[in-house]
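**Student:** Before I ask anything, here is the structure I am working with.
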Amino acid sequence: MTPSHWNLEVPSDFRGRLARAWLLTAVGALLISGLFVILIVASRTPGVEQLFPLKNFFHLAIVVHVDFSVLVWFAAFGAVMWTLVSTPAARRSAWLGLGLVIAGSIMLAASPFRPGEAIMSNYVPVLDNTLFLAGLSVFGIGVLVSSLRSLFNPLPGSVWPAEAGVMRFGVQTGVIALVLAGGLLLWSLFALPPWLDGAQYYEVLFWGGGHVLQFAWVQFMLVAWLWLAAAAGLRILIGPRLVLGLLLAGVLPAFLAVWGYLYFEVSSPGHRTFFIWLMAAAGGLAAGPLGLALLLGWSRSERTTDARQRGLRTALLFSIGLFGVGGALGFLIDESNTIVPAHYHGCIVAITLTFMALALYLLPRFGFAPASARLTRLMPWVYGTGQVLHVIGLAFSGGHGVQRKTAGAAQGLEGLAQIGGMAVMGAGGLIAIIGGILFLIAFARALLSRAPAVEVHIDKVAHHA
């Protein structure tokens with residue numbers, strides 16, 4: 001099978017420019033997330049901490065860091081994909097969605113400098129201040145405007161089930177899951193009992209919709225896996241019909257979430273348990289088989305000397321491995337220890353690494369210069385190795401009793417196992433940060449370089465061949 005058709009074509013009209021703007025927004029979210037890491041460290045540095053006006057800035061900044069590194073980054077990169085599978089219709093709403101997302105993101109970035117309480121609720125941690133909540137609302141409306149515009153203006157189907165049509169199907173099912181998550185969020189908002197407040201309020205508010213949102217992110221990741229495999233020159237042994245079935249299996253369980261709302265009160269233990277089991281039973285229905293199929297295809301592919309293709313292959317390997325490890329750790333959770341963050345961190349960084357590698361690959365397709373071949377090859381090794389160590393350290397520490405959502409002396413680390421596990425976690429995190437910096441450097445250098453028109457032209461010719 002020729003793998004070159006497992007991709008999404010970049011249109012020559014405004015959709016190409018819009019998708020490029022979404023890509024810049026997505027990477028900008030990662031940059032802002034990284035800047036907040038610097039501010040977080042500075043806010044705890046003696047002599048420098050006095051420059052920050054709010055005593056709890058450390059906790060406020062962590063919330064915004066997490067939201068930009070997951071929510072804004074994933075949604076904006078998903079928008080790159082759903083823009084490419086839409087028709088040129090509803091142009092104004094397309095740009096409106098992007099504008100609202102950018103405006104909301106600016107408000108989110110400014111919110112830690114205003115007084116408020118940091119609430120580390122699952123899926124969407126929040127700052128309980130007006131600027132953050134307004135920014136989150138504007139951001140959410142922008143995502144829904146953009147995704148609904150794509151959903152109601154899909155590209156016409158190709159010869160079915162051709163690779164390109166299956167890729168579009170994967171993106172559109174991800175959009176459907178995202179819109180469903182937004183609907184469930186509104187359902188929770190109106191169904192919340194009046195006695196809930198503070199951390200409990202936001203935990204219940206985002207619980208159901210947050211779980212369904214993960215189905216959307218995974219669908220986008222699966223499409224990106226196929227795209228990376230094709231770009232890396234790997235043999236894709238699995239046919240379009242089977243991929244279509246896997247993508248369908250990946251999204252259908254998301255609709256069972258409605259049963260969790262019809263049958264259980266949103267604040268009840270039953271509602272909470274329902275979504276835990278839904279994710280455990282169905283979160284990897286498509287990712288597991290597809291990941292194994294891609295790895296099998298890799299084992300039967302010819303070796304490549306192209307540095308960029310080698311980088312894409314490495315990113316795909318680490319992404320599939322991290323997602324598998326993260327998913328497996330979910331079955332080991334029996335209490336609130338650091339196995340919990342090891343589980344979701346493995347899954348989240350698997351998606352992040354996939355999007356990072358695809359972002360570098362897309363640069364010349366959007367008219368920019370190609371990313372450095374050396375950095376494209378090096379970045380996945382550094383970032384992936386760091387994240388593997390980070391996840392292993394968290395999982396090992398949790399197995400020896402280290403509790404989650406604690407830091408410093410509050411962790412109460414005792415013995416070599418706990419201290420060693422958390423040391424591995426910290427070292428892995430530092431290595432992963434270096435990998436993230438390498439990505440930003442590679443991306444920035446490509447933006448600032450002059451795009452070779454010949455290479456872009458050749459790429460387009462090869463795509464249509």
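The values are calculated or read from the model by the stated rules, or taken from the named source; none is laboratory data. Nothing here was measured: the structure is a model prediction, and the numbers come from that model. Here Cβ is always computed from backbone atoms with ideal geometry, including for glycine, and neighbour counts include all displayed protein chains.
**Student:** If a residue has to be assigned to a helix (DSSP H, G or I) and free of Cβ contacts under 8 Å to residues at least 40 places away in the same chain to count, how many in segment 99-131 make the cut?
**Tutor:** First pass over segment 99-131, keeping only residues assigned to a helix (DSSP H, G or I): 99-113, 130-131.
Filter once more, keeping what is free of Cβ contacts under 8 Å to residues at least 40 places away in the same chain: 103-104, 106-107, 110, 130-131.
The total comes to 7.
**Student:** All but one of (1) out of contact with any Phe, Trp or Tyr (no Cβ under 9 Å at 6 or more places or on another chain); (2) under 19 Å from residue 330 (Cβ atoms); (3) surrounded by fewer than 23 Cβ atoms within 10 Å (Cβ to Cβ) hold for residue 297; state the number of the condition that does not hold.
**Tutor:** Tallying (1) out of contact with any Phe, Trp or Tyr (no Cβ under 9 Å at 6 or more places or on another chain); (2) under 19 Å from residue 330 (Cβ atoms); (3) surrounded by fewer than 23 Cβ atoms within 10 Å (Cβ to Cβ), residue 297 fails exactly one: (2).
**Student:** Is it true that some residue in segment 163-177 is closer than 22 Å to residue 265 by Cα, out of contact with any strand residue (DSSP E or B) (no Cβ under 9 Å at 6 or more places or on another chain), at pLDDT 95 or above and hydrophobic (A, V, I, L, M, F, W, C)? Let's see the steps before the verdict.
**Tutor:** Kept after step one, since they are closer than 22 Å to residue 265 by Cα, are these residues of segment 163-177: 177.
Still in the list and also out of contact with any strand residue (DSSP E or B) (no Cβ under 9 Å at 6 or more places or on another chain): 177.
Narrowing further to those that are at pLDDT 95 or above: 177.
Subsequent filtering for residues that are hydrophobic (A, V, I, L, M, F, W, C) retains 177.
Looking for residues that are closer than 22 Å to residue 265 by Cα, out of contact with any strand residue (DSSP E or B) (no Cβ under 9 Å at 6 or more places or on another chain), at pLDDT 95 or above and hydrophobic (A, V, I, L, M, F, W, C), one finds at least one in segment 163-177, hence yes.
**Student:** While we're on this one: All but one of (1) at pLDDT 95 or above; (2) out of contact with any Phe, Trp or Tyr (no Cβ under 8 Å at 6 or more places or on another chain) hold for residue 193, so report the exception by its number.
**Tutor:** (1)
**Student:** Among the residues of segment 258-310, how many are under 30 Å from residue 376 (Cβ atoms), at pLDDT 90 or above and not polar (S, T, N, Q)?
**Tutor:** Looking only at that region, the number is 20.
**Student:** Is there any pair linking a residue in segment 328-355 that is over 16 Å from residue 396 (Cβ atoms) and touching a residue at least 12 places away in the same chain (Cβ under 8 Å) to one that is of a type in the set (S, T, N, Q) and surrounded by fewer than 19 Cβ atoms within 10 Å (Cβ to Cβ), with Cβ under 8 Å and at least six apart or on different chains, and which?
**Tutor:** From segment 328-355, the pairs are 336/403.
**Student:** Of the residues that sit in segment 244-267 and are within 13 Å of residue 211 (Cα to Cα) and within 22 Å of the chain's Cα centre (by Cα), which one is surrounded by the fewest Cβ atoms within 10 Å (Cβ to Cβ)?
**Tutor:** Out of the qualifying residues, it is 255.
**Student:** Please verify whether residue 75 is without any contact (Cβ under 8 Å) to a residue 60 or more places away in the chain and outside any loop (DSSP other than H, G, I, E, B), treating the condition exactly as stated.
**Tutor:** Numbers: without any contact (Cβ under 8 Å) to a residue 60 or more places away in the chain: no; outside any loop (DSSP other than H, G, I, E, B): yes.
Answer is no for this residue.
**Student:** Are any residues in segment 290-322 of a type in the set (Lys, Arg) and in contact (Cβ under 8 Å) with a residue 40 or more places away in the chain, and if so, which ones? Before the answer, list the steps.
**Tutor:** Step one: filter segment 290-322 for residues of a type in the set (Lys, Arg), giving 300, 303, 308, 310, 313.
Result: 300, 308, 310, 313.
**Student:** Considering only residues that are among the aromatic types (Phe, Trp, Tyr) and crowded, with 18+ Cβ neighbours inside 10 Å, look in segment 105-142 and name the one that is farthest from residue 73 (Cα to Cα). Quick ask: steps written out before the conclusion?
**Tutor:** Filtering segment 105-142 for residues among the aromatic types (Phe, Trp, Tyr) gives 113, 123, 132, 139.
Remaining after also requiring crowded, with 18+ Cβ neighbours inside 10 Å: 123, 132, 139.
Working: 123: 14, 132: 17, 139: 12 Å.
Among them, the one singled out is 132.
**Student:** Would you check which residues across segment 339-372 are in contact with an Asp or Glu (Cβ under 8 Å, 6 or more places away or on another chain) and either in a helix (DSSP H, G or I) or surrounded by 24 or more Cβ atoms within 10 Å (Cβ to Cβ) (or both) and list them? Explain how you work it out, then say what you get.
**Tutor:** Start the filter on segment 339-372 by keeping residues that are in contact with an Asp or Glu (Cβ under 8 Å, 6 or more places away or on another chain), which leaves 364-365, 370.
364, 365 - these are the residues of segment 339-372 that are in contact with an Asp or Glu (Cβ under 8 Å, 6 or more places away or on another chain) and either in a helix (DSSP H, G or I) or surrounded by 24 or more Cβ atoms within 10 Å (Cβ to Cβ) (or both).
**Student:** What is the one condition in (1) over 14 Å from residue 84 (Cα atoms); (2) surrounded by fewer than 18 Cβ atoms within 10 Å (Cβ to Cβ) that residue 152 does not satisfy?
**Tutor:** Evaluating residue 152 over (1) over 14 Å from residue 84 (Cα atoms); (2) surrounded by fewer than 18 Cβ atoms within 10 Å (Cβ to Cβ) leaves (1) as the failure.
**Student:** Filter segment 348-391 down to residues that are among the polar types (S, T, N, Q) and either out of contact with any helix residue (DSSP H, G or I) (no Cβ under 8 Å at 6 or more places or on another chain) or closer than 17 Å to residue 441 by Cβ (or both), then give me how many there are.
**Tutor:** Within segment 348-391, the subset among the polar types (S, T, N, Q) is 352, 354, 372, 376, 385, 387.
Still in the list and also either out of contact with any helix residue (DSSP H, G or I) (no Cβ under 8 Å at 6 or more places or on another chain) or closer than 17 Å to residue 441 by Cβ (or both): 352, 372, 376.
The number of residues fulfilling the criteria is 3.
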